1. Which of the residues belonging to region 241-283 are among the polar types (S, T, N, Q), open to solvent by less than 10 Å² (accessible area, probe 1.4 Å) and either outside any helix (DSSP H, G or I) or free of Cβ contacts under 8 Å to residues at least 12 places away in the same chain (or both)?
2. Taking the conditions exactly as written (among the small types (Gly, Ala, Ser), farther than 14 Å from Asp145 by Cα, at pLDDT 95 or above and more than 16 Å from the chain's Cα centre (by Cα)), does Gly212 satisfy them or not?
3. Among the residues of region 107-154, which ones are within 12 Å of the chain's Cα centre (by Cα), of a type in the set (D, E, K, R) and not in a loop (DSSP other than H, G, I, E, B)?
Amino acid sequence: MGWSLLLATGCLALAFPAAATPGDGAERSLLLSTHPRRSQTAASLQPNARRAGLPRIYGDDPRRPLVVIDAGHGGVDPGAISPIDGRREKDVTLRIARAIRDELVRAGRVRVALTRDDDRFLVLRDRYGIARRLGGDLFLSIHCDSVGAGSASGASVYTLSEVASDRESARLAARENKADIIAGVNLASTNADISSILIDLTQRETMNASAGFARLLGREARDRIPLKPNFHRMASLMVLKAPDMPSVLFETGYISNPVDADFIDSDDGRRRIAQSVERAVEVHFARRMATR
């Protein structure tokens, strides 16, 4: 199939010949924005196209930004499991995601959706795919870290990079990216033609916005929850690869560390995590509005 590429101001147009598609014989084109948030699907632009199967959006004002919170793992994928008490990451992350949702809804400055609000399995591309179909402005994936030995502790945040910032980041990426492979079956799929062009043209701006939010989250969380000294890290994480939506993966603490696990799975810990996110979200969108 032959693709032609046309660049207009702030937009990417992909055109392909009629021979590649059935229909009226005219050349078909796909118009995508090179700016975060603008390359929304038709479903995100048309309220009536919110089909069954997409999660509920909390908040009534469509003019407000949409934050999509992804509780990591779920269903047949338990995530990390505490060696002390058998606590499962998928359960802890869902409780944290709900606490963040409730805090954001209480503050009233954004709309909020969860990729999952129950114990279900989602492949990684479906997680950010749901956010894009909803027209999300910010994607936050919630996780708990784990190590096989040692007493590592503290929260950290990851943004996308094709090169890991350190060995631990590479280890985490290798572990989390395997979440699509259950019982030896790879549940993910890709369209190399489209995704490679999108990444080349839009990912840089999105990555910069993601890094900016990560710094804000570190600033707001510093006095509320324990953080790792090198809080902001980078890794090639599949769940962060939406080309047009700022995205971060928030490792809220170590489920393998009993002190961390008890904190992040407590009412007080979830409240502090949620407050950190809410403050960072507020400043993030205030800055973006100021630069428009």
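The values are calculated or read from the model by the stated rules, or taken from the named source; none is laboratory data. Predicted, not measured: the structure shown is a model, and the values here were computed from it. Backbone-built Cβ (ideal geometry, glycine too); neighbour counts: all protein chains shown. Remember, those area values only see protein heavy atoms, side chains included, never the ligands or the DNA or RNA. Shrake-Rupley method; radii C 1.70, N 1.55, O 1.52, S 1.80 Å.
1. Scanning region 241-283 gives Ser247, Thr252.
2. The answer is no for Gly212.
3. Passing the criteria: Arg125, Asp126, Arg127, Arg132.
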